[in-house]
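Remarks on the structure that follows.
The values are calculated or read from the model by the stated rules, or taken from the named source; none is laboratory data. Computed from a predicted model, the values in this text were never measured in an experiment. Keep in mind that these areas ignore ligands, DNA and RNA; they rest on the heavy atoms of the full protein, side chains included. Shrake-Rupley method; radii C 1.70, N 1.55, O 1.52, S 1.80 Å.
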Amino acid sequence: MSHRGPRAVEVVLSAEERAELLRWAGGGVPARVAERARIILACADGASNTAVAADCGVSVETVRKWRSRFVARRLAGLADELRPGRRKPDLVLSEAERAELTRWARRAKTAQFLALRAKIVLRCAEGGTNKEVAAELGIAHATVNRWRSRFITLRLDGLTDEPRPGRPPSVLLDQVEGGRPPSVLLDQVEDVLVATLESVPGKDTHWSRASMAKHSGLSKSTVGRIWKKFDLKPHLQDSFKLSTDPQFVAKVVDVVGLYHHPPEKAVVLCVDEKSQIQALDRSQPVLPMMPGMPERRTHDYYRHGITSLFAAFNIADGTVISELHRRHRAIEFKKFLIRIDKAVPTGLDVHLVCDNYATHNTAEIKTWLGKHPRFHVHFTPTGSSWMNQVERWFGLLTDKLIRRGVHTSVTALERDFTAWIDTWSENPKPFTWTKTADEILKSLADYLTKISPPSTENQQQT
């Protein structure tokens, strides 16, 4: 005699309930609520608890629980019930606190413990539970609970370390002073690093060893050692430019894809022009290098005219197709395209990586390309010439010939160009492109996060 369990309660939905459950199941609500919605929808279609459990990847007991809860309390029965115990107080930030925490969270090299605590509080303020924040930041649940509680009680002061008994810890700097390595308290090192990264000395644009020594009370040599240990160089300034091309992502993926996976039966050429190269003759003879003395040249010079070098760098083998012209116009670029067409075997397609210079986009050039369907042009994003490998080859040419060259005429300059390129062609070397498109875009996103903190409005919406 077989034994059957209690029959599952039938689930009947109104049109409004079905519409709301479908919305929940489609997303926009916590994953656990979306799962419950899918369970109820499956039950309403007449499926048994066992079938629903198998379909939704949950246990039969879970299906039975939410079926009963829905029948008894309808949609309200699918909401989370308050768990017993003390409820965690809400974490609300003022504008000043949010700005300060965001500044701490963006620290690159100093006080990483403080940056982590700031990220914990910011994430909790956005509504994340302790468990969610711990999983997101890869830390223990107890760590989140501790700093959340400390902040609610003591606000910003609660995120700093409490003074410990005994002598404060110190750090030994690498260089030796007076026969022993100098020891500096960690708090003093922290003060120097924070001041260097987050402030300026009065009306000056950057810190010097003297101004930082006066500010911190340490010696100039100690300040210099701290900066050296943490690789800080306030006296140096580098340049950068972020592309504003609306098709930046698509162009990066396209060009980098060519470098990593060049098409079959095709040649990929990085094409550009090094324009207006001057034939320079120094006003006085160059003094040769001597022991203890580098080569010397005068700062002034005589100009003897200019020329332009058109080059196509083959990414596969490093060979270069080149041509010299005294002018730099679309007419000369068209002549160079004809030179490439003759140099590349007929059976191969030609993929050209070019920048967005005007001469590459004229009607005459587009007409020529239309008549030569084996040519395919891939443009780098605006302001991103670093993506064109021929620029690296131009850098070698500049370092090894142009920068220290002395030429009394354009003809002499062009003769040296031809000789240098011929020597390169005897033993060409391709460059290895290592970065993927995803790595480039992630690096840019990380950099933008550091220089452009999210606005308060966006944080509130989050």
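Would you mind calculating the relative contact order of the chain from Cα pairs under 8 angstrom and at least 6 residues apart, reporting the percent as a whole number? Mind dumping the intermediate values first?
Values: 501 pairs, mean separation 48.6, N = 462.
For the chain, the relative contact order is 11 percent.
The portion of the accessible surface of the chain made up by carbon and sulfur, rounded to a whole percent, is 53 (1.4 Å probe; DNA, RNA and ligands excluded).
For the chain, the direction-averaged projected area of the alpha-carbon convex hull comes to 41.6 nm². Using a probe of 1.4 angstrom and keeping all protein chains present, the accessible surface of region 97-156 works out to 48 square angstrom per residue. Pairing the Cα long axis of helix 248-260 with the longest principal axis of the chain, what angle in degrees results, from 0 to 90 and rounded to the nearest 10? Its long axis makes an angle of about 70 degrees.
Please work out whether region 333-445 counts as rounded, prolate or oblate from its C-alpha gyration tensor, where a ≥ b ≥ c are the square roots of the eigenvalues and a/c under 1.5 means rounded, while otherwise a/b larger than b/c means prolate and anything else oblate?
Since a/c reaches 1.5 but b/c is at least a/b, the shape of region 333-445 is classed as oblate.
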